[in-house]
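The values are calculated or read from the model by the stated rules, or taken from the named source; none is laboratory data. Being a predicted model, the structure only gives us computed values, none of them experimental. Cβ placement follows ideal geometry from the backbone for every residue including glycine, while neighbour counts extend to all protein chains displayed.
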Amino acid sequence: MSAQTVDQIFVLIKAWLMGHVPIAFQPIASAILSVAPVLVVFPLLFAITTVLERKGLGRMQNRYGPNRVGPYGFLQPMADGIKSLTKEDIIPRSADAVVHFLAPLLLVLASFLAYAVLPIGRNMVITDLNAGVLFFFAIGSMVELAVFMAGWSSRSKYSLLGAMRAVAQMISYEIPLVLSAIVVIMATGTLSTVAIVDKQAVYTHGVAHWFLFTPWGFVGFILFMIAATAESNRSPFDLPEGESEIIAGYYIEYSGFKFALFFLGEYLGMFATSGLAITLFLGGWSAPVSFLTWIPSYIWFFLKLLVFIFVFIWVRGTFPRLRMDQLMGLAWKFMLPMTLLNVFDVGIWHLMPHGILRWIVCTAVLILPAMLLSRTLNRKQKLQTRTYRYAD
Amino acid sequence: MTVTFLILAALTIIGASAAMGLRNLIHCVLALTLGFVGLAMLYLELGAQFVGFTQILVYVGAVAILSVFAIMMTRSAGPHAEPALSASWIIGLVVAGATFAVLAWAILSSGITAPATEAPDVSVKQIGDALMHSYAVPLEIMGLLLTAALIGAVIIAMPQEKTP
Amino acid sequence: MSPLTSYLLLSAMIFSIGLAGALSRRNAILVLSGIELMLNAANLNFIAFWRYGPNPAALTGIMFTIFSISIAAAEAAVGLGIILAVYRHTRNTDLDQMNSMKG
Amino acid sequence: MLGEGLLKGLAETARNFFGSYAGKDRLTTLQFPEERAPRIEASRNFPFLVYDGADPEAGLRCVSCFICEKECPPKCIFIEKSTDKKPDAVGKQQFYPARFNIDVSVCMSCQICVEVCPFDAIKMDVAFEEASTGRFSDLLWPKQRLAKSNDYYHEIHPTEAAGVDAELAAARAKAAAPKPAPAAAPAAAPAAPPASGGAAE
């Protein structure tokens, strides 16, 4: 088998299977064959990630993680799954039963829908939408509604507080998220994820044209990841969950399988935003250097995704949770100016001739304001007495 | 009329009428969101991909959430003793019914027929080109309007300085 | 019934529902939602006419809809801001009771 | 520059992560049922009753004086006095507890019963794997379960037990001596701690 065949093996298998399906059923069979692997692989990745996360966090805190169920504790998600399936499904008596039931479904649905436009390998994408990136963000905004539904329908103060925090945070960070993704759209001139990856999968001097390897791409990538962390409610932006303050936030009143669905939705959202970051900045399924292109494309994608997951765990193990005003301050005072500046920077990059001068100018345009901004924000602030508008 | 259209139309009408008819305000907004999603899907069905996704992004992601926030902040989410409909609700219904009758009569009697053509393939690039060339001035005005609306909304919603 | 006619009828239906809601509900936020629905009905008309019209390549319907959505977003922000300001003043969002300018 | 501290923190956690695979000093957890930490002598959990010799009934030091029952703050000790008498640790004829129960679901391990016992009969145990499935029956410990030998006491708290044994031996010697010379008694009394004086009584 040549490298080409290995790279396209799943596409070939699908084509071979489609040959056995009568013409009338081909559209639906094709859809099922495209969607089913995603429905299997990413929940499986979720299961593995929960173990890896607990073990990794444990190691960062000088302890072993779970190591009792199965070899090295790798059957822990099975035990967790069985436990959550067999637990009683409690619906609070005062809860709004219909909305309470619909919220986790909507969350998981929205999280899965986002995978429709992620190119997992060469020719491996469910649909190549013309407005793929826009679709991704539109679906992402449905998550906010699901979170609000969960928090409101539970009729609990903690869950309502969590939902309000989550919605405020997600709306605030959606702007930097979209603005930091816009630089790539500006550079490629398309909203299609497949075309964006194709633009990055070319090599000069053996190095890929990943947008990470440009000044605006690098800054955009970092800003995108910060916003994505906030968007997926991961630590250090996990105020909506905040175990120590509001217990579990918007899903405190959920139990059993619905609770597991919330976890699944959260992790799927994290994978999806990581996948989009890979697609936009890290060349999707392409290899970083041309002599490694013999490695199949889907392996590259999942390798990058694993690195992202590791970084997410690493960040979670390191940083303390932000305060609400710090969170908002970061979004509006640092992220927003930097993303706008980045949009400006990619315009300069586009208009200047190739060469070293372009690099210097674009880096300077980003670094100098970033330093000024961070100095201004770091300045010792005078503490003032707090006033409460609603408490008294 | 295809099955898809019928399903989506039913979804939209159910969402819209529930949004206007339910008692609980949050339920109203959630139903309204359903109606907006139905409309977005109708746009997709009509081949307007960009508009459909923009509809979801703006209405589900922003307007619905904004309305929910407004409801929570005005404390109108709880159960109400007073009636949900205004005193002159009959007039409202009659006017709406009459409007629908007139519109339907106009549509049905106009005799417009459109051949069922292939859906035009509009790429995002074309829309962007149109926005940047023939619609550049409206786009600028829109940007100005949005900025003004942003500032205006902030100023209106800002807490007033308490005068001693 | 041609597809265009059915889309127009649906649009008229949504418009009437929005109008009925805007005229008969007491809560200001829902009145605003009714107006949003009416705007959306107009948008559906634009898209339907663009799709079945004589010159879909001109993109006029899509452009109108995009601008209309942006205006609706601005309208929602300002409208809800006004409602919040009024609520802060009167502690109420009931439109029937906002009659202080009645002669 | 913004982010300097963040990188420092990330480096520290990374050092912990990789260090935990390299050596024991960054992985301090003990895997409990298989590995156990060395026992600390001063640790304590629930009280137990000490007996001398081989027979838990005959050698029980407790004389059912009810002091611990009265002093127990959560009132988790229940004693029933016997009708007959038996020789105590010093050899004197004393009552003994017919029943001695401790409700460990109530006990708060305060050690006050041990402090007040004049006969060194109740001491603190270190065993902590006492979970049981019976909520009521298994948590009310009877005399049979509470009684543990002096050897066990020596094993868990060696220094403390040695001191207690020395005092008891002194008391026994004092009791065995018919009538000590009046000159010897005042010399011994100030040197002995008050507890031994009480025990000899």
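Might you check whether a residue that is outside any helix (DSSP H, G or I) and more than 17 Å from the chain's Cα centre (by Cα) occurs anywhere in region A:211-234? Lay out the reasoning, then the answer.
Initially, region A:211-234 is screened for residues outside any helix (DSSP H, G or I), giving A:214, A:232-234.
Next, from what is left, pick out any that are more than 17 Å from the chain's Cα centre (by Cα): A:214.
The answer is yes; a qualifying residue exists.
Has region A:50-65 got any residue that is at pLDDT below 85 and within 27 Å of residue A:304 (Cβ to Cβ)?
Scanning region A:50-65 turns up at least one residue that is at pLDDT below 85 and within 27 Å of residue A:304 (Cβ to Cβ).
For region B:98-112, enumerate the residues that are on the phi < 0 side of the Ramachandran plot, more than 7 Å from every other protein chain (Cβ to nearest Cβ) and either exposed (fewer than 12 other Cβ atoms within 10 Å of the Cβ) or of a type in the set (Gly, Ala, Ser) (or both).
B:98, B:101, B:105, B:106, B:109, B:110, listed by residue number.
Is it the case that residue C:86 is in contact with a Leu (Cβ under 7 Å, 6 or more places away or on another chain), more than 7 Å from every other protein chain (Cβ to nearest Cβ) and within 19 Å of residue B:70 (Cα to Cα)?
Numbers: in contact with a Leu (Cβ under 7 Å, 6 or more places away or on another chain): no; more than 7 Å from every other protein chain (Cβ to nearest Cβ): yes; within 19 Å of residue B:70 (Cα to Cα): yes.
Against the criterion (in contact with a Leu (Cβ under 7 Å, 6 or more places away or on another chain), more than 7 Å from every other protein chain (Cβ to nearest Cβ) and within 19 Å of residue B:70 (Cα to Cα)), residue C:86 does not qualify.
If only one of A:351, A:357, A:327 is within 26 Å of the chain's Cα centre (by Cα) and either at negative phi or at pLDDT 85 or above (or both), which one is it?
Details: A:351 fails: within 26 Å of the chain's Cα centre (by Cα); A:357 fails: within 26 Å of the chain's Cα centre (by Cα).
Answer to the check: A:327.
Is it fair to say residue C:80 is at the interface with chain B (Cβ under 7 Å from one of its Cβ atoms), farther than 20 Å from residue B:134 by Cβ and in a helix (DSSP H, G or I)? If you could, list the steps in order and put the result at the bottom.
Values: at the interface with chain B (Cβ under 7 Å from one of its Cβ atoms): yes; farther than 20 Å from residue B:134 by Cβ: yes; in a helix (DSSP H, G or I): yes.
Answer is yes for this residue.
Wholly within region D:1-106, which strands (runs of 3 or more DSSP E) include no fewer than the required count, namely at least 2 residues that are among the β-branched types (Val, Ile, Thr) and surrounded by 12 or more Cβ atoms within 10 Å (Cβ to Cβ)?
Values: elements: D:47-51, D:77-87, D:93-103.
Those strands (runs of 3 or more DSSP E) span D:77-87.
Can you name every residue in region A:360-380 that is touching a helix residue (DSSP H, G or I) at 6+ places or on another chain (Cβ under 7 Å) and under 12 Å from residue A:345 (Cβ atoms)?
Step one: filter region A:360-380 for residues touching a helix residue (DSSP H, G or I) at 6+ places or on another chain (Cβ under 7 Å), giving A:361-363, A:365-366, A:369-370, A:373, A:377.
A:361, A:362, A:363, A:365, A:366, A:369, A:370, listed by residue number.
Restricting region A:235-256 to residues that are surrounded by fewer than 21 Cβ atoms within 10 Å (Cβ to Cβ) and under 17 Å from the mean Cα position of the chain (by Cα), which is nearest to residue A:321 (Cα to Cα)?
A:236
Being part of a helix (DSSP H, G or I), within 11 Å of chain B (Cβ to nearest Cβ) and surrounded by fewer than 24 Cβ atoms within 10 Å (Cβ to Cβ) is the filter here, so list the residues in region A:147-160 that pass it.
Our first condition is that a residue be part of a helix (DSSP H, G or I); within region A:147-160, this holds for A:147-153, A:157-160.
Now restrict to residues that are within 11 Å of chain B (Cβ to nearest Cβ): A:147-149, A:151-153, A:160.
If the condition is that a residue be part of a helix (DSSP H, G or I), within 11 Å of chain B (Cβ to nearest Cβ) and surrounded by fewer than 24 Cβ atoms within 10 Å (Cβ to Cβ), then A:160 is the only one that fits.
Among A:367, A:309, A:348, which is closer than 23 Å to residue A:200 by Cβ, out of contact with any Cys (no Cβ under 8 Å at 6 or more places or on another chain) and assigned to a helix (DSSP H, G or I)? Give the steps one after another, and end with the answer.
Numbers: A:367 fails: closer than 23 Å to residue A:200 by Cβ; A:348 fails: out of contact with any Cys (no Cβ under 8 Å at 6 or more places or on another chain).
Criteria check complete, one pass: A:309.
Testing residue A:372 on (1) aliphatic (A, V, I, L, M); (2) crowded, with 18+ Cβ neighbours inside 10 Å; (3) without any contact (Cβ under 8 Å) to a residue 60 or more places away in the chain, one condition comes back false. Which one is that?
For residue A:372, the exception is condition (2).
Can you tell me which residue in region A:37-89 is farthest from residue A:13 (Cα to Cα), limited to those that are without any contact (Cβ under 8 Å) to a residue 12 or more places away in the chain and of a type in the set (Lys, Arg)?
The extreme case among them is A:63.
Do you know which residues across region A:115-167 are closer than 19 Å to residue A:226 by Cα and touching a residue at least 60 places away in the same chain (Cβ under 8 Å)?
Listed by number, the residues that qualify are A:133, A:136, A:140, A:143, A:165, A:166.
Mind checking which residues of region A:348-358 are of a type outside the set (Val, Ile, Thr) and touching a Phe, Trp or Tyr at 6+ places or on another chain (Cβ under 9 Å)? Please lay out each step first, then the result.
Within region A:348-358, the first condition is being of a type outside the set (Val, Ile, Thr), and the residues that meet it are A:349-355, A:357-358.
Within region A:348-358, A:349, A:358 qualify.
In the set D:121, D:184, D:166, which member is surrounded by 11 or more Cβ atoms within 10 Å (Cβ to Cβ) and either modelled with pLDDT under 85 or among the aromatic types (Phe, Trp, Tyr) (or both)? It would help to see each step written out before you state the result.
Numbers: D:121 fails: either modelled with pLDDT under 85 or among the aromatic types (Phe, Trp, Tyr) (or both); D:166 fails: either modelled with pLDDT under 85 or among the aromatic types (Phe, Trp, Tyr) (or both).
Matching residue, one of D:121, D:184, D:166: D:184.
From the set of residues in region A:25-73 that are over 19 Å from residue A:271 (Cβ atoms) and of a type in the set (Phe, Trp, Tyr), which is surrounded by the fewest Cβ atoms within 10 Å (Cβ to Cβ)?
Keep residues of region A:25-73 that are over 19 Å from residue A:271 (Cβ atoms), which gives A:25-33, A:58-73.
Adding the requirement that they be of a type in the set (Phe, Trp, Tyr) leaves A:25, A:64, A:72.
Numbers: A:25: 11, A:64: 17, A:72: 14.
Among residues in region A:25-73 that are over 19 Å from residue A:271 (Cβ atoms) and of a type in the set (Phe, Trp, Tyr), the one surrounded by the fewest Cβ atoms within 10 Å (Cβ to Cβ) is A:25.
Could you grab the pairs with beta carbons closer than 9 Å, sequence gap of 6+ or different chains, first residue in region C:1-23 and more than 7 Å from every other protein chain (Cβ to nearest Cβ), second one crowded, with 21+ Cβ neighbours inside 10 Å and not in a helix (DSSP H, G or I)?
Every condition considered, the pairs that remain are C:7/B:46.
Looking for something under 30 Å from residue A:285 (Cα atoms) and modelled with pLDDT of 85 or more - is there at least one such residue anywhere in region A:245-255? Before the answer, list the steps.
Going through region A:245-255, the residues under 30 Å from residue A:285 (Cα atoms) turn out to be none.
Checking region A:245-255: not a single residue is under 30 Å from residue A:285 (Cα atoms) and modelled with pLDDT of 85 or more.
Taking the condition surrounded by 14 or more Cβ atoms within 10 Å (Cβ to Cβ) and within 12 Å of another protein chain (Cβ to nearest Cβ), does residue A:312 pass?
Working: surrounded by 14 or more Cβ atoms within 10 Å (Cβ to Cβ): yes; within 12 Å of another protein chain (Cβ to nearest Cβ): no.
No.
Looking at (1) at pLDDT 85 or above; (2) of a type in the set (A, V, I, L, M, F, W, C); (3) surrounded by fewer than 23 Cβ atoms within 10 Å (Cβ to Cβ), find the lone condition where residue C:78 falls short.
Looking at each condition in turn, residue C:78 falls short on (1).
Look at residue C:55 and say whether it is polar (S, T, N, Q) and either within 30 Å of residue C:91 (Cα to Cα) or surrounded by 23 or more Cβ atoms within 10 Å (Cβ to Cβ) (or both).
Numbers: polar (S, T, N, Q): yes; either within 30 Å of residue C:91 (Cα to Cα) or surrounded by 23 or more Cβ atoms within 10 Å (Cβ to Cβ) (or both): no.
No.
Take residue C:36 and tell me if it is among the acidic types (Asp, Glu), facing chain B (nearest Cβ under 7 Å) and within 21 Å of residue B:16 (Cβ to Cβ). Before you say what the answer is, go through the steps one by one.
Working: among the acidic types (Asp, Glu): yes; facing chain B (nearest Cβ under 7 Å): yes; within 21 Å of residue B:16 (Cβ to Cβ): yes.
Yes; evaluated as a whole, the condition is true for this residue.
For residue A:320, which of the numbered conditions (1) in a loop (DSSP other than H, G, I, E, B); (2) over 26 Å from residue A:162 (Cα atoms); (3) at pLDDT 85 or above fails to hold?
Result: residue A:320 fails condition (2) only.
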